[in-house]
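This report refers to the structure that appears directly beneath it.
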Amino acid sequence: MVDRELSEIVGTPQDGGRSVLTTVQVSILSGLSAGLTDEAIAGRLGIGVRTCRRHVATLFQVLGATSRFQAGVLAAQRGWVARRVRHRPEGAPS
C-alpha cells in the first residue's frame, strides 16, 4: 500500500515524478536544499510545523534520503529544485 501511495505522490518515470509533487512539497524541498529548518519552512509557507514535518518525512521516503542534506542534494540532482550556487565575494579568502 505504501508503494502505491508513494507512486501517486511522485508520479511516473516518464515525468520524473515532478508533475505530481504538490506545490507545497516542491517548496519544502527547496527549503531543505537551502538548509532551512522545519520552523522556517513552515513559516514561509504558512503551514504548521507538524504538517511540514509530515511532508519532510514523506519526501525522505520518496527520495530514499536519510538526512535533510541528502534530500536536498537528491532533489537537485533529479531537477525537482533549482541548484544553488554560492559565489564568494570578490577578494574573499578561498
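The values are calculated or read from the model by the stated rules, or taken from the named source; none is laboratory data. Since this is a predicted model, take the numbers as computed values, not measurements. Here the Cβ is made from the backbone with ideal geometry for all residues, glycine too, and neighbour counts use every protein chain on show. Heavy atoms of the whole protein, side chains included, go into the accessibility calculation; ligands, DNA and RNA do not. Shrake-Rupley method; radii C 1.70, N 1.55, O 1.52, S 1.80 Å.
In table form, for the structure just shown:
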| read-out | value |
| --- | --- |
| The range 25-68: number of residues that are touching an Asp or Glu at 6+ places or on another chain (Cβ under 7 Å) and basic (Lys, Arg) | 1 |
| Gln25, sole failed condition from (1) within 11 Å of the chain's Cα centre (by Cα); (2) loosely packed, with under 14 Cβ neighbours inside 10 Å; (3) assigned to a helix (DSSP H, G or I) | (2) |
| Residue list for the range 40-85, restricted to those being surrounded by fewer than 20 Cβ atoms within 10 Å (Cβ to Cβ) and among the aromatic types (Phe, Trp, Tyr) | Phe60, Phe69 |
| Residue list for the range 62-81, filter: in a loop (DSSP other than H, G, I, E, B), within 10 Å of the chain's Cα centre (by Cα) and closer than 10 Å to Leu32 by Cβ | Val81 |
| Total residues in the range 1-22, condition at pLDDT 55 or above and open to solvent by 60 Å² or more (accessible area, probe 1.4 Å) | 2 |
